[in-house]
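Report on the structure given below.
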Amino acid sequence: MDAILYSSHTGHTAQYADLLAKKLGLNAYNLSQAKQAVPKHADVIFFGWVRKGNIVDYKKANRRYHVLATCAVGMGVPDPSVAEGLAAKNKITSGEVFYLQGGFHFDQLTGRDRFIMKRFRDTMIPRYEQMRQAGTLEDAQLNMLKMIRDGGNAVSIDNLKPILDFCKEN
């Protein structure tokens, strides 16, 4: 493995890439800066943030590099079915796909992303609050309510364990 590459919007994806790079003794590069430092077709792990089910910049990374694993970072709670769905939607047919919970900070968003997430918050917060009052809110939904209402950062080295295990095996 030659490098860790990432595309980050609000910093959570970059945090994960930096944590993994330090743990593996590799360098982490923002994809837009990697061209100068990482040779074409190098073996990499790519971290990308999730927007509407798309792993941002995955296709760009996959065209230039040999992506051994793709780590998608979103604000939702991790679940194996999320990684499977992202792999299918993004047409990832080689390498492993992992999903990590990153974080959410509404004040860091701008333009279209801010508009979309405001509508999402305005719709979901009342729905989740109603479920909480009715006693039907599940743990994953409570986690999401807290994230979209209050913001938060779930980045942790502990969340990288499956990826570290993958790296040891490969």
Can you tell me which residue is most open to solvent (accessible area, probe 1.4 Å) among those in region 119-165 that are hydroxyl-bearing (Ser, Thr, Tyr) and assigned to a helix (DSSP H, G or I)?
Thr123
Residue set Lys91, Lys168; condition among the basic types (Lys, Arg) and at pLDDT 95 or above; output residue Lys91
Is it the case that some residue within region 105-118 is over 19 Å from Leu19 (Cβ atoms), open to solvent by 50 Å² or more (accessible area, probe 1.4 Å) and in contact (Cβ under 8 Å) with a residue 60 or more places away in the chain?
yes
Here's a check for you: in region 45-67, which residue that is charged (D, E, K, R) and modelled with pLDDT of 95 or more is nearest to Leu109 (Cα to Cα)?
Asp57
Do we have any residue at all in region 47-58 that's closer than 26 Å to Gly151 by Cα, touching an Asp or Glu at 6+ places or on another chain (Cβ under 9 Å) and without any contact (Cβ under 8 Å) to a residue 40 or more places away in the chain?
no
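The values are calculated or read from the model by the stated rules, or taken from the named source; none is laboratory data. Given the structure is predicted, the values throughout are model-derived calculations rather than measurements. All Cβ positions, even for glycine, are placed from backbone atoms using ideal geometry, and neighbour counts span all protein chains on display. Calculation scope for accessible area: heavy atoms of the full protein, side chains included, ligands and nucleic acids excluded. Shrake-Rupley method; radii C 1.70, N 1.55, O 1.52, S 1.80 Å.
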